[in-house]
Each structure stands twice: as C-alpha cells, then as structure tokens.
Amino acid sequence: MIAAPRENATAFRVLGAISFCHLLNDMMQSLIPAVYPILKQTYRLDFGEIGLITLTSQLTASLLQPLVGLYTDRRPTPYSLPTGMTFTMIGLILVASAPTYGLVLAAVGMVGIGSAVFHPESSRVARMASGGQHGLAQSLFQVGGNAGSSLGPLLAAFVVIPAGQRSIAWFSGAALLAILILIRVGGWYKRHTGRGPKSRMTPDGRPLLSTRKVAWSMAILVALIFSKYFYLASLVSYYTFYLIAKFHIPVPAAQFHLFLFLGAVALGTVVGGPVGDRIGRKYVIWGSILGVLPFTIALPYASLFWTDILVVIIGLVLASAFSAILVYAQDLVPGKVGTISGLFFGLAFGTGGIGAALLGQLADATSIAFVYRVCSFLPVIGLLTAFLPNLEQEPKP
C-alpha cells in the first residue's frame, strides 16, 4: 500500500513508484531504436525508412499528449496510467511479430499512444507528490525515464540481437509489472486529487506574468526544446550507425557506446531539477543548452576515445534542461499542469521524431558524418534564454 503523505510533504514513495514505471516505460520504448540495425537488415530499409519508424512513434505521442493533458486538467482520470501502459505492452508484442514494415509502423504507433497517455499524467502525479519541491520531483521522475532509455541498448546487445526480433515480446512482462504498480499509484492519485501544492498565483488568482510575456516566454521555451531534441535525435537514432561507419566497430560494441551516452543523460537529469529549485531554473536552462556547444562542435572530429568522453559530457550537460524547462513552463501557466506537461512532452517527442526523419533523409543524401557536423551548431539557440524572465524575482503586474 502506498502510504498517504503528510500535507505538503514530499511523497517519496509515490515519486519512486512513478519513476520506476517511467524507467520501465522508456526502457521498452528504447528497445525500438536500439534494434534499428536488425530492422534495417530484416526489412531492407534505408535511413529514411528508419527515420520514419521514429517519426511514427514520436509523432503519435506528440500529437496526443497535449490533448490528454488538456482533458485531464478538466477531468482527472487516475486510472488512465495503467491504460496507457497496456497500449505499450500491445505495441511491443506487435513489433516482435510484425511480418511487414507497415505493421512495424502500426506497432510503434501503439507504443506512441501508450506514451501519450503515460507522460502528462505521470508528470502531474510527480508534481502532486512534490511537496513544493517541483524541480526535485520532476528530476526524480525524469531520471527514471532516462535510466530506462539507457538500458535499451544493453538489452538489445545482450538479449534482442542474439535472440532475434521476436525476443522483444519478452519485455511485455515489464509492461505488466508497470500496469500493476500504476493501478496502486492511480488509487493514490484518486485520493489526493486537488490536494497537491498550489500554483504560484497573485492574490486575486491571476498568473504572475502578463499574457503577452507568457506567450513570448513559451515561444522561447519551444525553441529551446527544438534545439535540445533535434540534437538528441541525431544521437539516439543514428549514433550506432555513426560509430560503425566512422570507426568500423561491430553492432554490439556500438550499442555499448550508445549506453554510455544514455547513461550520462540519466545521470545529468538528476542535477537540473534540484539545482533549479535552489538557484533558479533560468540559469539551469542557460547553462544546459548553450553550455554544451563547445563539445558538440568538437564531436565530429574526435577519435573514438574522445568521442566517448564528449558524448558523456554532452549527455550530462544537456539532460539537465528538460526538468527545468518543464517546471518553468508549469509556473508560467498556473493550474494547467496536464496541458503544459502534455505540450512539452509532446514537443519533445515530436521534435525528436521530425528530427530523426529529416536527419535520416539528410544522411541518405550526404553522410552520417555530415549530419553530425550540421547538428553541432544547434545549441547556439540557447542564446535565447537571455530573454526569459526570472520567475523567482518577477514582480506582480
């Protein structure tokens, strides 16, 4: 039984449960890009078709997540979490047994639907359980997802690649475990609806910032999400191919190098939220997006040894941004946690999916190495952070 916390206390057991389910969810999702080399060979795909797989999964999630968040802001649905995980489980089973490329696309679409339901509602649970430590709660929630993503390449290297595509179905057991946990979390959510920490509002109930300033700030945050996730798409979808092409290493070794990057992302996620709670989220966003620029520029010209070091630094620094961006946006629009969470998770998935598809086409037309040279300049967009207001210091209008 998940114990009810004291009023305004951080419910770490709930945060641990939702973070663990995030780990399982994103672990299952990460199996799909991790086995791209198998799918490429089995279905004789080019890079553009590989990118379309990512686009299908992530665009499905990106389009549905804001709608899910908007609906649940108006009508909380505590047991939508296990329902979403059921879609993910069905999608995994279909990926394992799909006889054609078209059915692979349909299967990853099911996985995308599962994510569309899971992410905005679980982010809401994290905020409800935060006890006011919003950045910390989102970081704990996010680190579960990033840790799960980092496990995908290892599981692909040691389980799926030796056993074949059908072994993906074995991981449906992880989805079943998550469903059972989320049923319990849903019960806690139902009992605590409306009792989470209050949003930062003026005494008469208006947001702290004017509508115009909120819209301008949201536009900047969208641009920063584009910078972060377009670059991440180049690594998550094509890093193994880049290593194989440039350094001529085997597929299992390339999966291990991808694990190093994703593990660094998981570790970096822990930092952004708590530091943002302490010093202000704007400064975390600034350092995370723009601070990674020297390392992304150096990456395409590095040896294998330095490539590992650079991608670990890139993962650590860049990963700290999302929790800070998400909580910053939630504070900009008080009372719309589900809508904002769905919008920004949707942007993250959609930008990653579009990026994967476009970068796949660019790789087919040029080379994987050229893709990494182009993407290395994306963090320059981080300069826009200078125009964000400091919410912790912003006077009431």
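Residues in the range 231-251 that are buried (at least 22 other Cβ atoms within 10 Å of the Cβ) and of a type in the set (Val, Ile, Thr): VAL236, THR240.
Among the residues examined, ARG184 does not qualify as charged (D, E, K, R), part of a helix (DSSP H, G or I), farther than 30 Å from PRO250 by Cα and more than 24 Å from the chain's Cα centre (by Cα). One residue stands out among those in the range 291-346 that are among the hydroxyl-bearing types (Ser, Thr, Tyr) and over 21 Å from the mean Cα position of the chain (by Cα): the one that is surrounded by the most Cβ atoms within 10 Å (Cβ to Cβ), which is THR307. Of the numbered criteria (1) without any contact (Cβ under 8 Å) to a residue 60 or more places away in the chain; (2) outside any helix (DSSP H, G or I); (3) open to solvent by less than 10 Å² (accessible area, probe 1.4 Å), the one SER130 fails is (1).
Within the option set VAL68, VAL125, VAL95, being crowded, with 20+ Cβ neighbours inside 10 Å, within 23 Å of ALA163 (Cβ to Cβ) and touching a residue at least 24 places away in the same chain (Cβ under 8 Å) holds for one residue only, VAL95.
Filtering the range 221-230 to residues that are buried (at least 18 other Cβ atoms within 10 Å of the Cβ) and of a type in the set (Val, Ile, Thr) leaves only ILE225. Of the residues THR60, THR77, the single one that is out of contact with any Asp or Glu (no Cβ under 7 Å at 6 or more places or on another chain), in a helix (DSSP H, G or I) and either on the phi > 0 side of the Ramachandran plot or of a type in the set (Ser, Thr, Tyr) (or both) is THR60. Taking the criterion of being surrounded by fewer than 16 Cβ atoms within 10 Å (Cβ to Cβ) and either in a loop (DSSP other than H, G, I, E, B) or modelled with pLDDT of 90 or more (or both), the residues of the range 200-212 that qualify are ARG200, MET201, THR202, PRO203, ASP204, GLY205, ARG206, SER210.
Count, please, the residues in the range 273-290 that happen to be open to solvent by 20 Å² or more (accessible area, probe 1.4 Å) and either touching a residue at least 24 places away in the same chain (Cβ under 8 Å) or assigned to a loop (DSSP other than H, G, I, E, B) (or both).
Filtering the range 273-290 for residues open to solvent by 20 Å² or more (accessible area, probe 1.4 Å) gives 274-275, 277-279, 281-283, 286-287, 290.
Among the residues that remain, those that are also either touching a residue at least 24 places away in the same chain (Cβ under 8 Å) or assigned to a loop (DSSP other than H, G, I, E, B) (or both) are: 274-275, 277, 281-282, 286-287, 290.
Total meeting the criteria: 8.
Screening the candidates MET28, MET89 for the property of being in contact with a helix residue (DSSP H, G or I) (Cβ under 6 Å, 6 or more places away or on another chain), within 14 Å of SER172 (Cα to Cα) and either at pLDDT 90 or above or among the acidic types (Asp, Glu) (or both) yields one hit, MET89.
Residue-wise test of (1) touching a residue at least 40 places away in the same chain (Cβ under 8 Å); (2) over 23 Å from TRP170 (Cβ atoms); (3) open to solvent by 10 Å² or more (accessible area, probe 1.4 Å).
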residue: ALA34; (1), (2), (3): yes, no, no
residue: ILE38; (1), (2), (3): yes, no, yes
residue: THR42; (1), (2), (3): yes, no, yes
residue: LEU45; (1), (2), (3): yes, yes, yes
residue: ILE53; (1), (2), (3): yes, no, no
residue: SER57; (1), (2), (3): yes, no, yes
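Looking at ILE53, ILE38, just one residue is assigned to a helix (DSSP H, G or I) and in contact with a Pro (Cβ under 9 Å, 6 or more places away or on another chain), and that residue is ILE53.
The values are calculated or read from the model by the stated rules, or taken from the named source; none is laboratory data. Computed from a predicted structure; not experimentally measured. As a convention, Cβ positions derive from the backbone with ideal geometry for all residues, glycine included, and neighbour counts pool all protein chains shown. To get the accessible areas, we keep the full protein, side chains included, count just its heavy atoms, and leave off ligands, DNA and RNA. Shrake-Rupley method; radii C 1.70, N 1.55, O 1.52, S 1.80 Å.
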